[in-house]
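The values are calculated or read from the model by the stated rules, or taken from the named source; none is laboratory data. None of these values were measured; they are calculated from a predicted model. Positions of Cβ are backbone-derived with ideal geometry, glycine not excepted, and every protein chain shown enters the neighbour counts. These accessible areas exclude ligands, DNA and RNA; they are computed on the full protein's heavy atoms, side chains included. Shrake-Rupley method; radii C 1.70, N 1.55, O 1.52, S 1.80 Å.
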Amino acid sequence: MRLYEHEAKKLFAGSGIPCPEERLISSLDEAAGILADCTYPVVLKAQVLTGGRGKAGGIKFADDAGSALAETTKLLKMKVRGFDVNAVLVSPKIDIDREIYLGVTIDRTIYKQTMMASAAGGVDIESTAAENPDAVVRVDLDVDQRFHAFLAVSLGKSIGLTGEALKQFVGVARNLMAVFRKYDAKLVEINPLVLTKSGELIAADGRMSIDDDAMYRQKSLLALNLGDRHEEGERTERERQAKEWGIPYLDLDGDIGMFPGGAGYGIMGNDFVVRYGGKPANFMDSGGGPSPERIARMLVLLDENPNVKVIFGARFGGISRCDDFAEGVIKFLREHGLSKPIVMRMTGNMWKEGLDMFEAARGESPELFKDVKIYGIETPIERVVEETVERARALA
């Protein structure tokens, strides 16, 4: 679960990390009053759970209350990468001398907590690490290992800090690690951590993602009523419906609806579609041994998604038998109906029985199957994916 910038900064400030004095505007009705009390110039930042808001026009500057109100009005009416802007954070414009990156995450390849720092702050740290790996320095810690001051000192010196700036950095770094551990975070970032021309270190931005599985013990976070969200934005209407039905589901930005078996087969299917030039519209997981009702509901999510042009289905029968899969698809076709083509393949446990069920149902109601193509083990999955991608292109 990702926090909004203002939520992350509240936790940062509560743990001793210097943050600007900011105000949150949640509606136009309160904007004029809040902006009249601000000291100018200010930065107006759209609060969205996604990156790239600056490039998308989600950060504005204002020198007076009038221009601030005009820019705030625009921000509250816009979308950033498809997400509505429901709040704007008003922050004093900082007189910047240097911008630093500082973050903590989990390196799953070595099973350690990793603090990273870079003198190249204010930009995408992934790009910096890829293009210039030496620009990012790190400290790896075991989960029960203390983050001693000397480790923070070494990290700060590695990015060129000295004197009072280094002293402040040590405090910020240790407090950021404390936040990461206290709140069961997967990621905390300050980007940029700004060194002002007056020599102060300030967290000008903040990002924080919490481990959903640990929320039950985070009483203080539960009290914030964070709502129903995930790593990239609030849940879409389909994601909320899928959650209600108990179906793991995530909307993506493609046009091929992904109708897989389990999560592993779902990931493989998405990779195949991308490899052959298509774009998945979602990720989905049927779970082990899904009922026909669950399978039918999975198809409802895809068929009612206006972005989907064609549905790709892939089922490898193991615990989840192919005849049960076929029963769910037939149930969907009879009770809901199909508005877009389906191309799918079945292999594994009871695949022949599943194909026989499809053929029997097609004989009874051929009109329901006019846009349904079903392949068995004799057809390689690569050919089925290619056909799906070609059909999506033809319908674009």
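Rounded, prolate or oblate, given the Cα gyration tensor of the stretch 94-167, with a/c below 1.5 counting as rounded?
Numbers: a/c = 2.22, a/b = 1.23, b/c = 1.81.
Taking the square roots of the gyration eigenvalues as a ≥ b ≥ c, the stretch 94-167 is oblate.
Between residue 336 and residue 164, what length in nm is gained on full extension when 0.36 nm per residue of separation is reduced by their alpha carbon distance?
Here the answer is 55.2 nm.
I want to check the label-to-label distance for residue 93 and residue 225. Put each point 7 Å from Cα in the C-beta direction and report it in nm to one decimal.
Spacing of the two 7 Å Cα→Cβ label points: 3.6 nm.
Of the peptides 242-252, 23-33, how do they stack up when ordered by the mean number of other Cβ atoms within 10 Å, highest first?
Ranked from most to least packed, the peptides come out as 242-252, 23-33.
Report, to the nearest whole %, how much of the accessible area of the chain belongs to carbon and sulfur atoms, 1.4 Å probe, protein only.
The C+S portion of the solvent-accessible surface of the chain is 51 percent.
Using helices alone, I'd like the mean residue ellipticity at 222 nm for the chain: each DSSP H run of four-plus residues gives -39500 (n - 2.57), total over residue count, nearest 500.
-11500 deg cm²/dmol, from helical runs alone.
Let's see if you can work this out: charge +1 on each Lys and Arg Cβ, -1 on each Asp and Glu Cβ, no other charges. What is the dipole magnitude of the stretch 187-284 about its Cα centre, in debye to the nearest 20?
The dipole magnitude comes to about 100 debye.
Using Cα springs under 10 Å in a Gaussian network model of the chain, which residue among 281, 117, 360 shows the largest mean-square fluctuation?
360
Quick check: the angle from helix 263-275's long axis to the longest principal axis of the chain, C-alpha only, nearest 10 degrees?
90 degrees
Can you compute the modelled spin-label distance between residue 382 and residue 135, with each label point 7 Å from Cα toward Cβ, in nm?
Between residue 382 and residue 135, the simple spin-label model gives 3.9 nm.
Short version: ³J(HN,Hα) in whole Hz for each residue of the stretch 45-58, in order, from phi by Karplus 6.51 cos²θ - 1.76 cosθ + 1.60 (θ = phi - 60°), x for Gly and Pro, what are they?
Karplus values, whole Hz, x for Gly and Pro: 10, 4, 9, 9, 8, 7, x, x, 5, x, 5, 8, x, x.
Could you state the number of Å between the C-alpha centres of the stretch 146-193 and the stretch 280-338?
48 Å
Once amide H atoms are built 1.01 Å from N in the peptide plane, which residues 5 or more positions from residue 311, or in another chain, come under 5 Å H to H?
Under 5 Å from the amide H of residue 311 lie the amide H atoms of 257, 342, 343, each far enough along the sequence or on another chain.
P(r) for the chain: what percent of alpha-carbon pairs falls in each 20 Å bin, starting at zero?
P(r) for the chain, in whole percents per bin: 24, 44, 28, 5, 0.
Could you work out how far helix 65-76 tilts from the main Cα principal axis of the chain, as a 0 to 90 degree angle to the nearest 10?
20 degrees
Quick check: convex hull of the Cα atoms in the stretch 243-289, volume per residue, rounded to a whole Å³? Display every interim value, and only then the final one.
Details: hull volume 2.8 nm³, N = 47.
Once divided by residue count, the hull of the stretch 243-289 is 60 Å³.
Give me the percent relative contact order of the chain, please, defined on Cα pairs under 8 angstrom at least 6 residues apart.
Contact order relative to length: 13 percent.
Can you pull out the trypsin sites (Lys or Arg not before Pro) in the stretch 147-232 that DSSP calls coil and that have at most 14 other Cβ atoms within 10 Å?
197
Got the relative contact order for the stretch 69-121 handy, in percent, Cα pairs under 8 Å and 6 or more residues apart?
Computed over the stretch 69-121, the figure is 24 percent.
Which of rounded, prolate or oblate describes the stretch 296-340 when judged by the alpha-carbon gyration tensor and an a/c cut-off of 1.5?
oblate
Please report the equivalent ellipsoid semi-axes of the stretch 96-223, computed as sqrt(5 x eigenvalue) of the Cα gyration tensor, largest first, in whole Å.
Value: 24, 16, 15 Å, ordered largest first.
For the stretch 234-380, what number results from the quotient of the Cα radius of gyration and 2.2 N^0.38 Å?
Cα Rg divided by the expected 2.2 N^0.38 Å: 0.95.
Can you work out the Karplus-derived ³J(HN,Hα) for every residue in the stretch 26-43? Use 6.51 cos²θ - 1.76 cosθ + 1.60 with θ = phi - 60°, whole Hz, and x for glycine or proline.
9, 7, 5, 4, 9, 5, 4, x, 5, 5, 5, 8, 7, 9, 9, x, 10, 10
By its C-alpha gyration tensor, with a ≥ b ≥ c as the square roots of the eigenvalues, how is the stretch 41-109 shaped: rounded for a/c under 1.5, else prolate for a/b larger than b/c, else oblate?
oblate
Contact order normalised by length for the stretch 1-134, with contacts defined as Cα pairs under 8 Å and 6 or more residues apart; what percent is it?
Values: 185 pairs, mean separation 30.7, N = 134.
Once divided by the residue count of the stretch 1-134, the mean separation gives 23 percent.
Taking a probe of 1.4 Å, how large is the accessible area per residue of the chain, in Å²? Could the numbers behind the result be given before it?
Values: 18700 Å² over 396 residues.
Ligands and nucleic acids excluded, the result is 47 Å² per residue.
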